[in-house]
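Here is the structure we will look at.
The values are calculated or read from the model by the stated rules, or taken from the named source; none is laboratory data. Small disclaimer: the values here were computed from a predicted structure and weren't measured. Note that we place each Cβ from the backbone using ideal geometry, even for glycine, and neighbour counts take in every protein chain shown. Ligands, DNA and RNA are stripped out before the accessible areas are found, and what is left, the full protein with its side chains, is counted by its heavy atoms. Shrake-Rupley method; radii C 1.70, N 1.55, O 1.52, S 1.80 Å.
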Amino acid sequence: MRHRTRVAVLGSALAVAAVGFAAPGAVAAPSGDVTVDKVVVNGGNPIVLGTTAGKTFTVSVTASDDSGIESADITLFGGGSSVSLPQGNPKCVADSTTTSTCTAKFTLDPDTDFFNNSPAGTWYVDALVTANDIDTILAEKAGSFKVQRQAKLTANASPEPIKKGKTLTITGALTRANWETGKYTGYTGQSAKLEFKKKGTTAYTAVKTVKTDNKGNLKTTVKASVDGSYRWTFAGNTTTSSVKATGDAVDVR
């Protein structure tokens, strides 16, 4: 039977304590000389979620003690007081006689785990590590990562073809996943860069920056000069992923 991640909204500290973790913000004094040396979530990349498909990722905690590491409990918590628990117990592999890396798998699924968009933003990792000599440490906020709403971006240049020196209109739309409705909706008031790549080259260069309107739409004009492709790019932020539109090629005659 597959044991998947559970995501719950905390009603009280008991909701976390029941599964062996102190609630975020609780104080736990270390016993002995255990240290948490490194935390890596999803290879250092944000967790980007659309409207339906869940994502499974790994969290690794590297810890040390002079007696070696026996076990670790890992929990994730963030936006909207959501808490995510691992799929099974973390597996600890010794890197040396004193240091081990403990790894666990987690799954976040916006279709079943989230009721609104509040989970988007910064999440944290708590690690309760036990050494072979029973020394322990609860490392609160030992690491952090982003859970982001997936963004989509389009680009269209018209008219095509166009005479050199004439006005070319570049439009587009920036949308992002809405976990409450299960749809992608316009992202308003956001800055997007218009970029151009000359035909026969590989690199895009910035042309100008434009803000989305109240429906997430983009629109600007440029003077047609040479054949090439135009696209919009969005840098992303804490709650929303970065995205680049597919370039739209223009034939200048």
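In segment 136-155, the residues that are within 30 Å of residue 216 (Cα to Cα) reach residues that are among the acidic types (Asp, Glu) and surrounded by fewer than 21 Cβ atoms within 10 Å (Cβ to Cβ) with C-beta atoms within less than 7 angstrom, at least six apart or across chains, in these pairs: 155/248. Checking each residue in segment 43-60 for being open to solvent by 60 Å² or more (accessible area, probe 1.4 Å), over 15 Å from residue 144 (Cα atoms) and modelled with pLDDT of 95 or more picks out 55, 56. Does residue 131 satisfy the criteria of being touching an Asp or Glu at 6+ places or on another chain (Cβ under 7 Å) and in contact (Cβ under 8 Å) with a residue 40 or more places away in the chain? The answer is yes for residue 131.
Considering only residues in segment 65-90 that are buried (at least 21 other Cβ atoms within 10 Å of the Cβ) and of a type in the set (S, T, N, Q), the one that is nearest to residue 128 (Cα to Cα) turns out to be 75.
For residue 116, state whether it is touching a Phe, Trp or Tyr at 6+ places or on another chain (Cβ under 9 Å), assigned to a loop (DSSP other than H, G, I, E, B), surrounded by fewer than 22 Cβ atoms within 10 Å (Cβ to Cβ) and at negative phi. Criteria met by residue 116. Of all residues in segment 198-234, those that are within 30 Å of residue 121 (Cα to Cα) and without any contact (Cβ under 8 Å) to a residue 12 or more places away in the chain total 1. Quick one: would you say residue 171 is within 27 Å of residue 251 (Cα to Cα) and without any contact (Cβ under 8 Å) to a residue 12 or more places away in the chain? So residue 171 fails the test.
Condition check ((1) of a type outside the set (Gly, Ala, Ser); (2) out of contact with any strand residue (DSSP E or B) (no Cβ under 6 Å at 6 or more places or on another chain); (3) under 30 Å from residue 115 (Cα atoms); (4) in contact (Cβ under 8 Å) with a residue 40 or more places away in the chain) across all residues:
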{"site": "46", "(1), (2), (3), (4)": "yes, no, yes, yes"}
{"site": "53", "(1), (2), (3), (4)": "no, yes, yes, yes"}
{"site": "56", "(1), (2), (3), (4)": "yes, no, yes, yes"}
{"site": "61", "(1), (2), (3), (4)": "yes, no, yes, yes"}
{"site": "70", "(1), (2), (3), (4)": "yes, no, no, yes"}
{"site": "75", "(1), (2), (3), (4)": "yes, no, yes, yes"}
{"site": "79", "(1), (2), (3), (4)": "no, no, yes, yes"}
{"site": "82", "(1), (2), (3), (4)": "no, no, yes, yes"}
{"site": "86", "(1), (2), (3), (4)": "yes, no, yes, yes"}
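If you go through segment 213-230 and pick out every residue that is of a type outside the set (Val, Ile, Thr) and either in a strand (DSSP E or B) or modelled with pLDDT under 95 (or both), you end up with 7. With respect to the conditions (1) of a type in the set (A, V, I, L, M, F, W, C); (2) in contact (Cβ under 8 Å) with a residue 12 or more places away in the chain; (3) open to solvent by 50 Å² or more (accessible area, probe 1.4 Å); (4) part of a strand (DSSP E or B), residue 93 falls short on a single one, namely (2).
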